[in-house]
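Here the structure comes first, spelled out in structure tokens, and everything after it is commentary.
The values are calculated or read from the model by the stated rules, or taken from the named source; none is laboratory data. Every value quoted in this text rests on a predicted model; they were computed, and no experiment measured them. Here the Cβ is made from the backbone with ideal geometry for all residues, glycine too, and neighbour counts use every protein chain on show.
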Amino acid sequence: MVKVPKIKLLIENVNFFYNDKQALFDINMSIPDRQVTALIGPSGCGKSTFLRMFNRMNDIILGTRHTGKITMDGLDIYDSKTDVVKLRRDVGMVFQKSNPFPKSIYDNITYGPEIHGQKNKSYLEDIVEHSLKGAALWDEVEDRLHDNAMGLSGGQQQRLCIARALAVEPKVILMDEPASALDPKSTARIEELIGELRKKYTIIIVTHNMQQASRVSDHTAFFYEGALIEFGKTHQIFTNPEKQKTEDYITGRFG
Amino acid sequence: MTAMAKEKLIFNLVRGVTYFVVIVVGYLLFDIFIKGIPTISWSFLTELPRRSGAEGGIYPAIVGTIYLVSGAIIFALPLGMASAIYLSEYASQGRLNRTIRLAIITLAGVPSIVFGLFGLGLFVLFFGFGASILAGSLTLAFMILPTIIVSSEEALQAVPMGLREASLALGATKWQTVYTNVLPYALPGMFTGSILGIGRAAGETAPILLTVAAFFLPRLPKSIFDQVMALPYHLYVLATQHPDTEKVLPMQYGTALVLIVIVVFFNLTAIILRNHYRKKIQW
């Protein structure tokens, strides 16, 4: 029997606009639960914009609007009754440029749980250890948890940002080119980590690096000029794409 | 001329100009210090003035200036910081925001006498505070408000956008984000802005001339609705309005010295606060 993955996020007829400029055109897609979905495409194709819709990060940009519907577990995330703060707890995000708070490693992790009302000290300590282990950073920092996070290397900072996202126990993790500013070794660690995280979380990753997409993802969506050109199993997209445009892109003919 | 020689010339030129400015200001301060110090005595600082300021001390003027500057800070700092937070963090960055910003920058360049007239019209007459500490403090507060708003906003904008995004993405509310991840890093810059404002508030004569300052009032104020003497105005009176300005020259230098010391004291406090906060930030 073929196991059909559960759908985590359902995107229906989504259009997105920056003022009068349309950035996304009629996107329809379903993102499976506890798998890695990669969004690829040339710069400016709308993949980051699309990613930032899932935790409503675009809300903070003036002059943006959208049509269509995105549901998570059946609930409309853009519904007026939806609590954005709660949504962002469920949908964590890791940014392209690592952005730890200029505080201690410990405080970076506890920030999320604390703003959500967690005060129990031993519980917070557990979260710190658990999150850092989850982000494969614990062994490197366990004896300097109270050092400033800005003293960590670029790759460590990015894993700290992942740990920080894990600390609020999200269901979905959005990654916006998480390894684009890292050296190959750190990149490999992040990719390894994604492989671990996919067991527990639904991951959507934007990447410029096609090898990375093929290595880490189960499904791949190819965007071009704001439209979803092709979406399917990563293996199929990279070996036997249906659309000519997809093939041109993944074979490096443009982009 | 070779590029090298030109480089040398430019370097010496800008260095020379800088030294010149420092020397002029240094000489000014030195002159006031040397000529003012003989006048300074315990009685000069603590006694009431007599014979229109020709004799006695300047105690009421010192107290008056401290009241006015403190009052201006109490009103201007929260207002200025709140406005800056609103403009930088909450307001949509549209045309209205740009207009407000332009208005504030223009306001910073408005001559102080205009603020004096504004204070006279609004606080002294319309609100009926009369010539009083309250009216004077409010007038000074409005005068330094633009400086505080502009520099506070710059300090807020200097905090990396990534910190705000990281915080919001963790499910923090806007205020949690601003309070924990923006304000602490912007505070040193905000204090720097206040320093500039405070120095100006202590030294200005025109705004208090119309709203609070007394020509000669040899007693201390009893409430914020009283008039007070103030150092800059007292200095102005001694230098230009006194029947025998030559004779009271030492009094003028003494008063100027005290005024400078008070400004330095306020600035130092602000600088110490700023350094304290800055030390806590490690980027």
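Just one residue in the set B:I32, B:I23 is aliphatic (A, V, I, L, M), without any contact (Cβ under 8 Å) to a residue 60 or more places away in the chain and either more than 24 Å from B:G119 (Cβ to Cβ) or surrounded by 12 or more Cβ atoms within 10 Å (Cβ to Cβ) (or both); that residue is B:I23.
Somewhere in segment B:210-226, is a residue buried (at least 20 other Cβ atoms within 10 Å of the Cβ), assigned to a helix (DSSP H, G or I) and touching a residue at least 12 places away in the same chain (Cβ under 8 Å)? The answer is yes, given that some residue of segment B:210-226 is buried (at least 20 other Cβ atoms within 10 Å of the Cβ), assigned to a helix (DSSP H, G or I) and touching a residue at least 12 places away in the same chain (Cβ under 8 Å).
Restricted to segment A:215-248, and to residues there that are on the phi < 0 side of the Ramachandran plot and among the acidic types (D, E), the residue that is surrounded by the most Cβ atoms within 10 Å (Cβ to Cβ) is A:E230. Would you confirm whether or not segment B:104-122 contains a residue that is within 14 Å of another protein chain (Cβ to nearest Cβ) and within 30 Å of B:Q176 (Cα to Cα)? Scanning segment B:104-122, I find no residue that is within 14 Å of another protein chain (Cβ to nearest Cβ) and within 30 Å of B:Q176 (Cα to Cα), so the answer is no. In the set (1) over 27 Å from B:M251 (Cβ atoms); (2) in contact with a helix residue (DSSP H, G or I) (Cβ under 9 Å, 6 or more places away or on another chain), B:E55 fails one condition alone, (1).
From the list A:T82, A:T64, which one is closer than 22 Å to B:V182 by Cβ, without any contact (Cβ under 8 Å) to a residue 60 or more places away in the chain, of a type outside the set (D, E) and more than 8 Å from chain B (Cβ to nearest Cβ)? So that I can check it myself, show each step before the final result.
Numbers: A:T82 fails: closer than 22 Å to B:V182 by Cβ.
The unique qualifying residue is A:T64.
Based on this model, can you work out whether B:A186 counts as crowded, with 23+ Cβ neighbours inside 10 Å and within 14 Å of chain A (Cβ to nearest Cβ)? Taking the combined requirement at face value, the residue satisfies it.
Suppose the filter is within 14 Å of chain B (Cβ to nearest Cβ), more than 17 Å from A:F223 (Cα to Cα), crowded, with 19+ Cβ neighbours inside 10 Å and not polar (S, T, N, Q); does A:V91 pass it? Before the answer, list the steps.
Numbers: within 14 Å of chain B (Cβ to nearest Cβ): yes; more than 17 Å from A:F223 (Cα to Cα): yes; crowded, with 19+ Cβ neighbours inside 10 Å: yes; not polar (S, T, N, Q): yes.
Judged against the criteria, A:V91 is a match.
Determine if segment B:255-272 includes at least one residue that is of a type in the set (F, W, Y) and outside any loop (DSSP other than H, G, I, E, B). The answer is yes, given that some residue of segment B:255-272 is of a type in the set (F, W, Y) and outside any loop (DSSP other than H, G, I, E, B).
Which residues, taken from segment A:142-158, are more than 14 Å from every other protein chain (Cβ to nearest Cβ), under 24 Å from the mean Cα position of the chain (by Cα) and either part of a helix (DSSP H, G or I) or buried (at least 21 other Cβ atoms within 10 Å of the Cβ) (or both)? Selection gives A:G155, A:Q156. From the set of residues in segment A:21-61 that are of a type in the set (S, T, N, Q) and within 14 Å of chain B (Cβ to nearest Cβ), which is farthest from A:I203 (Cα to Cα)? Among residues in segment A:21-61 that are of a type in the set (S, T, N, Q) and within 14 Å of chain B (Cβ to nearest Cβ), the one farthest from A:I203 (Cα to Cα) is A:N58.
Among residues that are crowded, with 23+ Cβ neighbours inside 10 Å and outside any helix (DSSP H, G or I), B:A202 is not included. Of everything in segment B:132-168 that is within 23 Å of B:T99 (Cβ to Cβ) and buried (at least 24 other Cβ atoms within 10 Å of the Cβ), the residue that is nearest to the other protein chains (Cβ to nearest Cβ) is B:E153.
Exactly one residue out of B:G162, B:G171 is modelled with pLDDT of 90 or more and outside any helix (DSSP H, G or I), and it is B:G171. Pick from segment A:96-119 the residues that are within 8 Å of chain B (Cβ to nearest Cβ) and within 18 Å of B:V182 (Cβ to Cβ): which of them is surrounded by the fewest Cβ atoms within 10 Å (Cβ to Cβ)? Per the stated criteria, the residue is A:K97. Limited to segment B:64-109, what total is found for residues that are among the aromatic types (F, W, Y) and under 19 Å from B:L156 (Cβ atoms)? So the count comes out to 2. For A:F54, the conditions (1) on the phi > 0 side of the Ramachandran plot; (2) part of a loop (DSSP other than H, G, I, E, B); (3) in contact with a strand residue (DSSP E or B) (Cβ under 7 Å, 6 or more places away or on another chain) all hold with the exception of (1).
If I filter segment A:183-200 for residues that are in a loop (DSSP other than H, G, I, E, B), modelled with pLDDT under 95 and closer than 19 Å to A:L24 by Cα, do I get at least one hit? Lay out the reasoning, then the answer.
Within segment A:183-200, the first condition is being in a loop (DSSP other than H, G, I, E, B), and the residues that meet it are A:183, A:198-200.
From what is left, the residues that are modelled with pLDDT under 95 are A:183, A:198-200.
Imposing the further condition that a residue be closer than 19 Å to A:L24 by Cα reduces the set to none.
No: zero hits.
May I ask you to verify whether A:V36 is touching a residue at least 40 places away in the same chain (Cβ under 8 Å), over 12 Å from A:E225 (Cα atoms) and either surrounded by fewer than 21 Cβ atoms within 10 Å (Cβ to Cβ) or of a type in the set (K, R) (or both)? The answer is no for A:V36.
Among the residues in segment B:130-137, are any more than 30 Å from A:E114 (Cβ to Cβ) and modelled with pLDDT under 90? Spell out the reasoning first.
Within segment B:130-137, the subset more than 30 Å from A:E114 (Cβ to Cβ) is B:130-137.
Still in the list and also modelled with pLDDT under 90: B:130-131.
The answer is yes; a qualifying residue exists.
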